[in-house]
Amino acid sequence: MFSEILEMVVTQGWFLPVTPGTKLIPVGGAIANDVHGKNHHQTGTFGRHVLAFELLRSDGSRRLCSETEHADWYAATIGGLGLTGLITWACIQLRRIAGPWMSTEVHRFENLAGFFRLSDVSDRDYEYTVAWIDCAAKGSAMGRGLFTRANHAPAHPDRRPNASTRRLGVPLVPPVSLINPLSLSAFNTFYYHRQRQPVVHRTTHYEPHFYPLDSIRDWNRIYGPRGFLQYQCVVPPVVAEACIEQLARIISTSGSGSFLAVLTQFGELKSPGLLSFPRPGSTLALDFPNQGNATLRLLDRLDSVISAAGGAIYPAKDARMSSAVFRASFPAWESFRPFVDPRFSSGFWRRVME
Ligand SMILES: Cc1cc2nc3c(=O)[nH]c(=O)nc-3n(C[C@H](O)[C@H](O)[C@H](O)COP(=O)(O)OP(=O)(O)OC[C@H]3O[C@@H](n4cnc5c(N)ncnc54)[C@H](O)[C@@H]3O)c2cc1C
């Protein structure tokens, strides 16, 4: 698990080269989705830092895969959705850090243009950039949010490298979702205005910076018994601003906003997997309370905007994308298919191969 790796290496001055917004994932899962972090613009995907791994197939054969050995299996398995076989071990390149602290700046921005401006001036000097956007806001406030940029901080001799291990929890599943248009709009307005100054500088431990949700046990329970649907897309740079604006407008007028709406930029570094999701452009990640057909219809509308823009949807977070959208998002699917282990499959794969 990423959490175990971090526990072992941070005190030795090392860190994961790329990490998603949770550390509660195994290395095999990170390779299978070729996960990305807030540093994609400088570091690319996790797969770029996987030096080698062993792939065990259902016929009992084992392959050592790297950029130079069984390179075709290496490219199929990174981002290969766990379909090419079982990864039994992997060798990854860590990166050096001075300590567990992060220097962060949070900038308030008033609309999407503000996000793109901040992103443009930050990507060279800040390793980690990401924004929360208020997707319930309408009119001139549409797309407002908070932009965080950060770097690993120099060593702090006066601070001890122990993060708080206290975890809050959601003790039970409420009978209905606590996330509804009213609570969402109130929360977003509060969250946006909670930061009074335009910019706040802080030194924080890496845990709350990278993994805010991991500290709330069973956070998914707030969505009630029907749960929620995650959705993440990427759209090419030339159409990104117009396209994200169109998506934000559709979401804010749908009345079924997303509690978490995270916007960031992918850089130019090539992803190594045949089916890797990250590619140059802007990526928007959303969590919608599951309201049945209304939510599915909303996601279909978002799909059509993204497909028309030449973008893609992230399989790691998908529960419903159509075969046509998958094939358009991942044109290498035909080259990938021969690598699928005949005894491996998934609900996702059967749906998109229909
Ligand atoms: C709070 C939160 C934040 C997140 N933030 C991000 C983010 O910022 N960026 C991002 O990219 N993703 C993000 N994700 C998604 C998450 O990182 C990916 O879905 C990740 O792949 C999950 O891995 P898993 O093994 O836990 O999940 P699973 O769904 O169990 O596995 C994922 C895939 O990996 C395969 N797999 C697992 N182990 C092996 C193995 N040993 N050999 C072969 N295949 C294997 C499985 O078959 C499956 O296809 C986030 C998820 C959460 C819950």
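What number comes out for the charge environment of residue 112, summing +1 per Lys or Arg and -1 per Asp or Glu over other residues with Cβ under 15 Å away?
Neighbour charge sum, excluding residue 112 itself: 0.
So if the hydrodynamic radius of the chain is defined as the Kirkwood radius over C-alpha pairs, what does Stokes-Einstein give as its diffusion coefficient at 25 °C and 0.890 mPa s, in µm² per second?
Reported coefficient: 115 µm²/s.
What ratio of Cα Rg to 2.2 N^0.38 Å holds for the stretch 193-239?
That works out to 1.72 for the stretch 193-239.
Name the long-range amide H neighbours of residue 259: under 5 Å, sequence gap of 5 or more, or other chain; modelled H, no Pro or chain starts.
Here the answer is 287, since their amide H atoms fall under 5 Å of that of residue 259.
Which of the listed residues, 187, 274, 247, is farthest toward the dipole's positive end in the chain, when Lys, Arg count +1 and Asp, Glu count -1 at the beta-carbon?
Comparing the listed Cα positions along the dipole, 187 ranks first.
Could you go through the stretch 84-99 in sequence order and give the Karplus-derived ³J(HN,Hα) for each residue, using 6.51 cos²θ - 1.76 cosθ + 1.60 with θ = phi - 60°, rounded to whole Hz, and x for Gly and Pro?
Rounded to whole hertz, the list is 8, x, 9, 7, 8, 7, 8, 10, 10, 8, 7, 10, 6, 9, 7, x.
So if we plug the beta-carbon distance of residue 7 and residue 300 into 1/(1 + (r/R0)^6) with R0 = 41 Å, what FRET efficiency do we get, rounded to 0.05?
Given R0 = 41 Å and the Cβ-Cβ separation, E is 0.45.
Please pull out the direction-averaged projected area of the stretch 216-285, using the convex hull of its alpha-carbon atoms, in nm² to one decimal place.
Hull-based average projected area comes out at 6.5 nm².
Once you charge only the Cβ atoms, +1 for Lys and Arg and -1 for Asp and Glu, what is the size of the charge dipole of the chain about its Cα centre, to the nearest 20 debye?
Result for the chain is approximately 720 debye, rounded to the nearest 20.
If you roll a 1.4 angstrom probe over the protein chains with everything in place, what fraction of the accessible area of the stretch 50-132 belongs to carbon and sulfur, to the nearest %?
Looking at the stretch 50-132 in its full context, I get 50 percent from C and S.
Give the distance, in whole Å, between the Cα centre of the stretch 194-260 and the Cα centre of the stretch 87-138.
13 Å
What dipole magnitude, in Debye to the nearest 20, does the stretch 208-351 give about its Cα centre under +1 on Lys/Arg Cβ and -1 on Asp/Glu Cβ?
Dipole about the Cα centre, nearest 20: 440 debye.
Compactness ratio of the stretch 1-158: Cα Rg over 2.2 N^0.38 Å, N = residue count?
Ratio of Rg to 2.2 N^0.38 Å for the stretch 1-158: 1.24.
Only sites in a loop by DSSP and with at most 15 other Cβ atoms within 10 Å count here; which trypsin sites (Lys or Arg not before Pro) in the stretch 239-322 make the cut?
270, 320
Taking θ = phi - 60°, what integer Hz values does the Karplus form 6.51 cos²θ - 1.76 cosθ + 1.60 yield along the stretch 46-59, in sequence order, with x for Gly and Pro?
So the J values, rounded to whole Hz, are 4, x, 5, 10, 8, 6, 6, 7, 9, 10, 9, 9, 5, 7.
Please compute the contact order of the stretch 6-85 in relative form: average sequence separation of alpha-carbon pairs under 8 Å and at least six residues apart, divided by the residue count, as a percent.
Computed value for the stretch 6-85: 26 percent relative contact order.
Once you wrap a convex hull around the alpha carbon atoms of the stretch 269-354, what is its projected area averaged over all directions, in nm²?
6.4 nm²
Rounded to two decimal places and with Rh computed the Kirkwood way over Cα pairs, what is Rg over Rh for the stretch 17-82?
Dividing the radius of gyration by the Kirkwood radius yields 0.99.
If you put +1 on each Lys and Arg Cβ and -1 on each Asp and Glu Cβ, how big is the dipole of the stretch 1-151 around its Cα centre, in Debye rounded to 20?
Taking the Cα centre of the stretch 1-151 as origin, the dipole is about 280 debye.
Please give the peptides 68-79, 106-117, 329-340 ranked by average Cβ packing (other Cβ atoms within 10 Å per residue), highest first, as a rough proxy for protection.
Listed from highest to lowest mean packing, they are 68-79, 106-117, 329-340.
Would you work out which of 151, 84, 293 lies farthest towards the positive end of the dipole of the chain? Charges go on Cβ: Lys and Arg +1, Asp and Glu -1.
Of the options given, the answer is 293.
What is the extension gain from residue 25 to residue 200, computed as 0.36 nm multiplied by their sequence separation minus the C-alpha to C-alpha distance, in nm to one decimal?
59.9 nm
Solvent-accessible area per residue for the chain at a 1.4 Å probe radius, Å²?
With all protein chains present, the chain gives 47 Å² per residue.
For the stretch 208-327, max minus min Cα coordinate along each principal axis, in Å, sorted largest first?
Answer, in whole Å and largest first: 37, 33, 26 Å.
Could you give me the radius of gyration and the Dmax of the stretch 255-315, taking only the C-alpha atoms into account and expressing both in angstrom?
13.2, 38
With springs only between Cα atoms under 10 Å apart, run a GNM on the chain and tell me which of 289, 236, 342 wobbles the most.
Judging by the Gaussian network model, the answer is 342.
Take every Cα pair under 8 Å in the chain that's 6+ residues apart, average their separations, divide by the length, and report that relative contact order as a whole percent.
Contact order relative to length: 20 percent.
The values are calculated or read from the model by the stated rules, or taken from the named source; none is laboratory data. Quick caveat: nothing in here was measured; it's all calculated off a predicted structure. For neighbour counting, all protein chains shown are included, and Cβ atoms are generated from backbone atoms with ideal geometry for every residue, glycine included. Just the protein is used for accessible areas: all its heavy atoms, side chains included, with ligands, DNA and RNA removed. Shrake-Rupley method; radii C 1.70, N 1.55, O 1.52, S 1.80 Å.
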